[in-house]
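J.: A single structure is presented below for examination.
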Amino acid sequence: MISSYYMFMLNSEFIIFVPKIISKEKMTSSEIRQQFLDFFKSKEHRIVPSSPVVPFDDPTLLFTNAGMNQFKDVFLGTGTREYKRAADTQKCIRVSGKHNDLEEVGHDTYHHTFFEMLGNWSFGDYYKAEAIEWAWELLTDVWKLPKERLYATVYRTDDETFELWKTKTDINPKHILKFDEKDNFWEMGETGPCGPCSEIHINLSDDFDNPKYVNAGTPECIEIWNLVFIQYNRDEKGELHELPAKHVDTGMGFERVCAVLQKKNSNYDTDVFTPLIEAVSKLSGVKYDNEESKIPMRVIADHIRTLTFAIADGAVPGNDGRGYVLRRILRRASRYGRKLNLNKPFLFELVKVLVNTMSAVFPEIKEKQSYVERVIKAEEESFNVTLDRGIELFEELIKGLSESEGKVIPGEDVFMLYDTFGFPVDLTNIMANEKGFTIDEAGFNELMESQKQRGREASKGKFASVNISVGDLTSFEMIRTDKAEFTGYDELKSESKITGHKKENGNDLIILDKTPFYVEAGGQIDDLGKLIVAENSLNIIDVTKIDNKIIHVVENENERRLIPGMEVIAEVDQKRRWDIMRNHSATHFLDAALRKILGTHVHQAGSYVGPDRLRFDFTHFARVSESELRDIEVLVNEQLRLNIPLQHHRNVPFDAAKKMGALMFFGDKYGDFVNVVQFGDFSMEFCGGTHVKNSSEIGLFKITSESSISSGVRRIEAVTGEGVEYYILSQINHLQKSDAKINELLDEKKKLEKEISELKLKEKLGQIDSVISKPNEVAGIKIYKAKVNADNMDELKSFGDELRNRIKFGVGVLFTEIEDKVGIVCVVSDDLIKDKKLNAGKIVGELAKLLGGGGGGRPHLATAGGKEVNKIPIALNEVEKVIASFI
């Protein structure tokens, strides 16, 4: 039981009061955690595992920051669980937004970037009464916290909860307090599920019966548990409506509870942190016995937890998003290591200490231990190269400012430390504060914005000169229409109507009611093509999208009149689009192969998909070796040869797409409905781009380069299809000066050309499917006829062999155009040769006469040629008549 309370001081400024607990045996943090879970298991709760601290399925979050994140879909009404009650300990990271306490971490005893949140939930099952009763039972009966020191706060209008505290517990009624929205009303966002909450506080001061300390922001009275009652839905007007199913969502800080129950003055003095602090002390040879050493050790102990759990769950230090958060944290810890004379990489050595203490609860950190250590060590080594020089330069800056009696480090100097030496601005701020200086953060931010603006300007394309905004649409001459259809998934040529028009910089800007033109997005570049007006063909030189309308930039040198209501044909450059689609689909196969070969920590960090090549940026901590590149290339080509059909799931509800298991990307903005591109079991991603219909249409895939574009981000460039042929030719030209390499390259070229030829033929043979699906009949004999695409007579003959192998009883006739001439092949099944005396040579000879040519051959397969290409449709119509003449 608790017999007394005592206080201590922090930095001579901050007084914290902690209960002194007397018990037969001190509970370990593992026992405290297990006690919480066992308690709620006894209340028929499902004990669920923590969700990953990196929420890749929720693009609105950098990191999981609360236990309720994994149940957001339940609260929103878009998902369900097979259980109604749940409890867990959730891994959480809070380092941004309103929960950004990074500056306080290590300097006080209770702020953390990583922490565990103990929680219990009810999904339309029990409600306020049980939640309050059980919370009181755990705190006072199981953990023996003194009732006279506990307070409960409720929302100012929540009389129900107020009365439940009085009737369901023996709390002092004077300790039930009402507060407003700021402290006791929880909301997921501006709209959606929300409700009142009831917080449980403990007063650790001698004046424990005085309510003035509650929610006063003083350390004498701290919140230990928050019970949220989700009972309303807030609509877009801000009005509250009762939910049909009401939920309970509670959260308790694990590290804070451990400090109380283990009678420690600081969270860092509990066994949650002491193994790490002892390891840092041993590595540095510095004792943990004064503030000068305690602050760096607390920072390091906290930060290694964040780094280990985040990296194990798939995040990687990088230059933006959650990657940059991790990089800041790692560099902050590295710099604090310098204060302990830890000048070489050391953080990675602490991973094993954390694994030893926490892997029983979170086994993923043991499974990924080696990988986490390598990532952290590589990042430390990279930063160490510039850290010492940066510190020296910082000291020089400080000295110069001291001599001129300045106490503010200019924004340009802060920016230089960031841009040249990789010093995050918060790290420079810490170093400045230690010297009694401040930084010109506004000046730094202005320089950062200028740099970003220069980057945006450099990346702008030729359309930058058009400068269209949503407001500019009012200056278009428009006709009223509800249609604005994108047809480019299914066709490359659409009969359309002009619905909007404007002249700009000598070009015509038009809007169509439907268009096959794709606007740059997701790395795939814009389509180019033609606008056909009557007999006139005008070039479409650019496209963009404003307010969900596609604007076509039309080159109209002869001032052809374009007005709303005019019927036109919008035609995409088909060859260019096909090359783009091959490369785009190939990026999906590459992404999947990278994750299989290198690991699931790989995530897309950017891409470019053009007609000539593809570029794919991805998170990875080290150079991709030659053997790994070979394995990736081989795996991609193996999959391409499997003829995997595209499954294009369009307009799928966002949550349904997530449940499909489709890969999504943090930072991308998704609407309520999305497209999912799937190639069998190998690849499935959120994607709004255009793709080939079958993997074999990509042809060959060849990696041309692998490089680093920033720390933690690699780049692969590759080509496909015709691009492989150009690549081979370029390599030949490059290596012609080296005779020793020519034969080797030619052999490789022949091999690739053979494979390309085989793949092309395989793709073209797919045309036979449509031929045999629509036979005609003459005298009971099935006739298969069509015009096909073949490059030469040998290829056409192969078509004939394929057709003859696939028809059991019938005659097949195929026509093609080869260099402005006609090629014909005729095949006859064996039974018709025997029973009907039909002869392929005679049939093809008669058909050739219709085309100004001649030929013949064997009874079962014969070829012929003709000169009059324009008469192919006539010959196709005469096939049945010619065959009938021989029956």
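J.: Does Asn341 satisfy the condition of being farther than 22 Å from Ile365 by Cβ, out of contact with any helix residue (DSSP H, G or I) (no Cβ under 7 Å at 6 or more places or on another chain), open to solvent by 30 Å² or more (accessible area, probe 1.4 Å) and polar (S, T, N, Q)?
T.: no
J.: Now a separate question. Since Thr89 meets every condition but one in (1) over 20 Å from Ile32 (Cβ atoms); (2) crowded, with 21+ Cβ neighbours inside 10 Å; (3) of a type in the set (Ser, Thr, Tyr), which condition does it not meet?
T.: (1)
J.: Considering Gly314, Gly321, Gly217, which residue is open to solvent by 40 Å² or more (accessible area, probe 1.4 Å) and of a type in the set (Gly, Ala, Ser)?
T.: Gly217
J.: Still on this structure: Given the conditions (1) open to solvent by less than 10 Å² (accessible area, probe 1.4 Å); (2) at pLDDT below 90; (3) assigned to a loop (DSSP other than H, G, I, E, B), report the number of the one that Tyr126 does not fulfil.
T.: (2)
Matching residues to (1) in contact (Cβ under 8 Å) with a residue 60 or more places away in the chain; (2) touching a His at 6+ places or on another chain (Cβ under 7 Å); (3) assigned to a helix (DSSP H, G or I):
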| residue | (1), (2), (3) |
| --- | --- |
| Phe309 | yes, no, yes |
| Gly314 | yes, yes, no |
| Ala333 | no, yes, yes |
| Phe348 | no, no, yes |
| Leu354 | yes, no, yes |
| Ser370 | no, no, yes |
| Glu373 | no, no, yes |
| Val414 | no, no, yes |
| Asp419 | no, no, yes |
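J.: Taking the stated definitions as given, is Leu642 of a type in the set (A, V, I, L, M), open to solvent by 20 Å² or more (accessible area, probe 1.4 Å) and farther than 24 Å from Asp526 by Cα?
T.: When the stated conditions are applied, Leu642 passes them.
J.: How many residues, within region 270-282, are surrounded by fewer than 19 Cβ atoms within 10 Å (Cβ to Cβ), in contact (Cβ under 8 Å) with a residue 24 or more places away in the chain and either in a helix (DSSP H, G or I) or touching a Leu at 6+ places or on another chain (Cβ under 8 Å) (or both)?
T.: 1
J.: Another one. Return a yes/no flag: does region 854-863 have any residue that is farther than 18 Å from Phe799 by Cα and open to solvent by less than 10 Å² (accessible area, probe 1.4 Å).
T.: No; the residues of region 854-863 include none that is farther than 18 Å from Phe799 by Cα and open to solvent by less than 10 Å² (accessible area, probe 1.4 Å).
J.: For residues that are touching a strand residue (DSSP E or B) at 6+ places or on another chain (Cβ under 7 Å), hydroxyl-bearing (Ser, Thr, Tyr) and in a loop (DSSP other than H, G, I, E, B), scanning just region 168-214, find the one that is surrounded by the most Cβ atoms within 10 Å (Cβ to Cβ).
T.: Looking at the filtered set, the residue picked out is Ser205.
J.: Would it be correct to say that Phe36 is modelled with pLDDT of 70 or more, in a loop (DSSP other than H, G, I, E, B) and among the aromatic types (Phe, Trp, Tyr)?
T.: So Phe36 fails the test.
J.: In the list Ile365, Ile391, which residue meets the criterion of being at pLDDT 80 or above and either in a helix (DSSP H, G or I) or among the aromatic types (Phe, Trp, Tyr) (or both)?
T.: When all the criteria are applied, what remains is Ile365.
J.: Among strands (runs of 3 or more DSSP E) lying entirely in region 599-710, which contain 2 or more residues that are closer than 30 Å to Lys377 by Cα?
T.: 604-609, 614-619, 701-710
J.: Kindly indicate whether any position in region 519-530 is surrounded by 14 or more Cβ atoms within 10 Å (Cβ to Cβ), closer than 30 Å to Asn694 by Cα and among the basic types (Lys, Arg).
T.: Checked region 519-530: at least one residue is surrounded by 14 or more Cβ atoms within 10 Å (Cβ to Cβ), closer than 30 Å to Asn694 by Cα and among the basic types (Lys, Arg).
J.: Among Thr306, Thr386, Thr357, which is the only one that is among the polar types (S, T, N, Q) and open to solvent by less than 30 Å² (accessible area, probe 1.4 Å)?
T.: Thr306
J.: I've got another one for you. When region 144-162 is examined, which residues are found to be open to solvent by 10 Å² or more (accessible area, probe 1.4 Å) and within 43 Å of the chain's Cα centre (by Cα)?
T.: Tyr155, Arg156, Thr157, Asp158
J.: Could you please find all residues in region 821-835 being closer than 11 Å to Leu861 by Cα and open to solvent by 50 Å² or more (accessible area, probe 1.4 Å)?
T.: Residue satisfying the conditions is Asp830 alone.
The values are calculated or read from the model by the stated rules, or taken from the named source; none is laboratory data. Just so it is clear, the model here is predicted, and its values are computed rather than measured. Here the Cβ is made from the backbone with ideal geometry for all residues, glycine too, and neighbour counts use every protein chain on show. Side chains included, ligands, DNA and RNA excluded: accessible areas come from the protein's heavy atoms. Shrake-Rupley method; radii C 1.70, N 1.55, O 1.52, S 1.80 Å.
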